[in-house]
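Undergrad: The structure follows.
The values are calculated or read from the model by the stated rules, or taken from the named source; none is laboratory data. Model, not experiment: these values are computed from the prediction. When we count neighbours, we look across all protein chains shown, and the Cβ atoms used for this are built from the backbone with ideal geometry, even at glycine.
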Amino acid sequence: MIRLLRSRRKSPTYMFESMFLSGTPKLGAGCLMMLALVLELALMVEAGLTPIQAITVATSNSAGLLRIGDQYGTLAAGKKANFIVLEKDPSQDIHNTQTIRAIWKDGNKVSDGPLAAGTSAMLR
């Protein structure tokens with residue numbers, strides 16, 4: 001349950017009574033899972049979360065729920081380095097999560113991403 005409180009400033013402040021989590025189902029192909037996650041992030045921002053809050057929901061919150069936060073969910077020394085490199089800053093616009101330049105898994109680059117092939121999945 002989300003309780004929306006107005007702070008003394010004019011911008012809304014969100015207090016969460018429970019932790020938000022990403023709920024993207026496994027759809028089979030990795031590309032479909034990524035597409036579903038990108039759409040889910042956009043919906044979270046549309047619902048009132050900041051882009052950074054939405055990304056946190058999809059990364060560290062989900063890893064914490066799965067009890068794998070000691071290995072995944074954030075970039076830190078000693079954790080598995082699974083991440084994407086983006087062309088544009090997602091904190092400015094959540095749709096920038098679609099500008100994938102490279103994909104890394106376990107500290108190794110596994111793909112140059114769709115932008116390297118000259119394609120972009122901008123889905124606004």
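Undergrad: Do you know which of the residues in segment 101-124 that are over 24 Å from V45 (Cβ atoms) and in a loop (DSSP other than H, G, I, E, B) is modelled with the lowest pLDDT? Steps first, please.
TA: Just the residues of segment 101-124 that are over 24 Å from V45 (Cβ atoms), to begin with: 104-112, 116-118.
Retained after the next criterion (residues that are in a loop (DSSP other than H, G, I, E, B)): 106-107, 112, 117-118.
Details: D106: 89, G107: 90, D112: 90, A117: 62, G118: 59.
Ranking the qualifying residues of segment 101-124, first place goes to G118.
Undergrad: The conditions are (1) exposed (fewer than 12 other Cβ atoms within 10 Å of the Cβ); (2) modelled with pLDDT of 90 or more, and L49 fails exactly one of them. Which is it?
TA: Against the list (1) exposed (fewer than 12 other Cβ atoms within 10 Å of the Cβ); (2) modelled with pLDDT of 90 or more, L49 comes up short only on (1).
Undergrad: Give me the residue from segment 81-100 that is at pLDDT 90 or above and either part of a loop (DSSP other than H, G, I, E, B) or over 15 Å from the mean Cα position of the chain (by Cα) (or both) and, out of that set, nearest to E46 (Cα to Cα).
TA: D93
Undergrad: List the pairs whose first member sits in segment 78-95 and is within 13 Å of N108 (Cβ to Cβ) and free of Cβ contacts under 8 Å to residues at least 40 places away in the same chain, whose second member is among the hydroxyl-bearing types (S, T, Y) and surrounded by 13 or more Cβ atoms within 10 Å (Cβ to Cβ), and whose Cβ atoms are under 8 Å apart, counting only residues at least 6 apart or on separate chains?
TA: From segment 78-95, the pairs are K80/Y72; N82/Y72.
Undergrad: Ok, one more. Is there any pair with a first residue in segment 47-74 that is charged (D, E, K, R) and a second that is modelled with pLDDT of 90 or more and part of a loop (DSSP other than H, G, I, E, B) whose Cβ atoms are under 8 Å apart and which are 6 or more apart or on different chains, and what are they?
TA: Matching pairs, first to second residue: D70/K79.
Undergrad: Out of segment 62-99, which residues are surrounded by fewer than 16 Cβ atoms within 10 Å (Cβ to Cβ), β-branched (V, I, T) and over 20 Å from D112 (Cβ atoms)?
TA: Correct list: I68, T74.
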